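The structure under discussion appears below in the form of C-alpha cells.
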Amino acid sequence: MNHNSIIYRITGLVFLAVALTVFLLVYLANLQMTEQFKEYLVVQHRVTDHRMGPDRNHQGSYEVAFTMGPLEQSFLASVHKSLIWVGLAILAAGSVASYMLARSITVPLRNLSQAAEQIERGNFNQKVCVETKDEIGQLAAIFNRMSEALQVNSNLRRQLLANIAHELRTPLAVIQGHLEGMIDGVIEPGKEQLTSLHEEAIRLNRLITDLRDLSLAEVRQLGLELKTGDVKLLLARVVLLLKPLADKKKLDIVLDLPEQLPPIVVDHDRMSQVFYNILVNAIRYSPTEGQVKITAELNEDKGKHWLCLSFQDHGPGIKPEDIDLIFDHFYRGEKSRDRKSGGSGLGLAIVKQLVEIHGGRVAVRSEAGKGSLFQVSLPLDKTGGNEPE
C-alpha cells in the first residue's frame, strides 16, 4: 500500500488539525477548571466565615480555602480525566471522519485512474460511476463523455480503414488481373485492355487524391488560392462540364439565379469541385427525364451576409436515419457498395470540408420519395479560410 497516497496525506492533515485543536481545548479547559474551582472554594469559605462571626481570622480561612482536601482533589482529577477521555473520543471520531472524507475524494480518483489505464491500453469502453454533483462528479462525467468519444472515433477509424482497403482493392484487382492475363498470354495486349488499365489507374489516383485532400481539409492544412469571382460563372462552367452526363439520363439542369449576385472570394478550383460533387450526386440519383434545379438567394444572419446556393433534385431522397451520416467518409445510401449505385462515397465528405474551410456551411433537407435539397452557404463578409460559425 502506497503511504504517499493522497488518502493518507488528507487523513494525516485533518487528524493533525483535529489533534492540535483537541489538545489546546483540553489543556485550556483543565487550566480554567482548576482556577475556577479554586475561586469557587475561596468564595464558599468567605460565606462560611461571615456566618460564623465577624471576629473570624479571614487570613487563615483563605489559607484553608486554597489548601484543597482529598475530596476536592479527587473531584478535579475526575474532571481532568473526563476531559481527556472526551478529547480522545473526539480524536477517534475525527480520525474516522477524516479517513472517510479522504476516501470520498480518492476512491473516485482511483477509479478514474484505473479506467484511464485501460484506455491507455486501447480499451475505450470504460465508464466510471457518477455518484455526486461536485467537482469529482463533474470530472467523472467528463471522463465518461471522453471515453464515449474515443470509442466512437476508434470505431470510425476502423471503419475508415476497412472502407479505404475496399475502395483500393477493386482497381488494384482489375489492374493485377489484366497484367497477369497478359503475362500468361491469356489476354492479348491491345488498345482496349490498355485503356481499361488506364481508367482503373485514373480511378485509383483520383481516390488517393481525394483521400489526401480530405485529410488535409479536416486539419485545416489544405492550401487555398483565394480570388474574387462570379459564382454564376463557376456554376455555368460546372453545368457545361456535366452536360454529357446529364444528357445520358435526359436530365435538365436548370440555373434559376438572380440577375445580380455579389462577387465571392473563394478558391475557384475547390469551389468548382464542391459544385461538381453535389451535381454529380444529384444526377446519379435523379430519375430519367428528371430535373436538377439550382437557385440562389442572399441571407443575413446575426449581422453577417451569406450567399445561399440550393441544389434541388427529385430523386428517391434520403432516409431520416441516414441524414446525419450523409457527409461521413465513404457513406453511401446503397449499403451493398456497388459502384453502379454510386461513387467512392467521398464526394459529399469533401464538399463539407471544402465549404467549411471557406468559412461556409453546408446542409441537407430530404424526404424519402421526394428528392433532396443541398444548401451551400458562403460568407460574403469574409475572405475565406475561416472556421464555420
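The values are calculated or read from the model by the stated rules, or taken from the named source; none is laboratory data. These numbers were taken from a predicted model, which means no experiment stands behind them. Neighbour counts are summed over all protein chains in view; Cβ atoms, including those assigned to glycine, are modelled from backbone coordinates with ideal geometry. In case anyone asks, the SASA skips ligands and DNA or RNA and just uses the protein heavy atoms, side chains included. Shrake-Rupley method; radii C 1.70, N 1.55, O 1.52, S 1.80 Å.
Return a yes/no flag: does segment 262-283 have any residue that is touching a helix residue (DSSP H, G or I) at 6+ places or on another chain (Cβ under 9 Å), among the hydroxyl-bearing types (Ser, Thr, Tyr), at pLDDT 90 or above and open to solvent by 50 Å² or more (accessible area, probe 1.4 Å).
Yes - at least one qualifying residue is present in segment 262-283.
Would you point out the residue of segment 99-151, among those that are of a type in the set (D, E, K, R) and not in a loop (DSSP other than H, G, I, E, B), that is farthest from the chain's Cα centre (by Cα)? Walk me through how you get there before you give the answer.
Taking segment 99-151 as the starting set, the residues that turn out to be of a type in the set (D, E, K, R) are 103, 110, 117, 120-121, 127, 131, 133-135, 145, 148.
Add one more test, that the residue is not in a loop (DSSP other than H, G, I, E, B), and what stays is 103, 110, 117, 120, 135, 145, 148.
On the way: Arg103: 29, Arg110: 23, Glu117: 19, Glu120: 17, Glu135: 18, Arg145: 7, Glu148: 9 Å.
Per the criteria, the residue is Arg103.
Kindly list, by first and then second residue, each pair from a residue in segment 192-207 that is of a type outside the set (A, V, I, L, M, F, W, C) to a residue that is at pLDDT below 85, limited to pairs with Cβ atoms under 7 Å and residues at least 6 apart or on different chains.
Filtered contacts from segment 192-207: Gln193/His178; Gln193/Ile187; Ser196/His178; Glu200/Pro171; Glu200/Val174; Glu200/Ile175; Arg203/Pro171.
Hey, does segment 50-67 have a residue that's at pLDDT 70 or above and not charged (D, E, K, R)?
no
Checking Lys249 against (1) outside the structural domain of Leu346 (by the TED database); (2) open to solvent by less than 80 Å² (accessible area, probe 1.4 Å); (3) among the charged types (D, E, K, R), which single condition isn't satisfied?
Answer for Lys249: the failing condition is (1).
Can you name the residue in segment 289-312 that is part of a strand (DSSP E or B) and open to solvent by 80 Å² or more (accessible area, probe 1.4 Å) and is also nearest to Leu279 (Cα to Cα) among such residues?
Ranking the qualifying residues of segment 289-312, first place goes to Glu297.
Evaluate the following for Glu188: is it farther than 21 Å from Ile164 by Cα, of a type in the set (Asp, Glu) and not in a helix (DSSP H, G or I)?
yes
Go through segment 313-329 and report how many residues are part of a loop (DSSP other than H, G, I, E, B) and either surrounded by fewer than 18 Cβ atoms within 10 Å (Cβ to Cβ) or not small (Gly, Ala, Ser) (or both).
9
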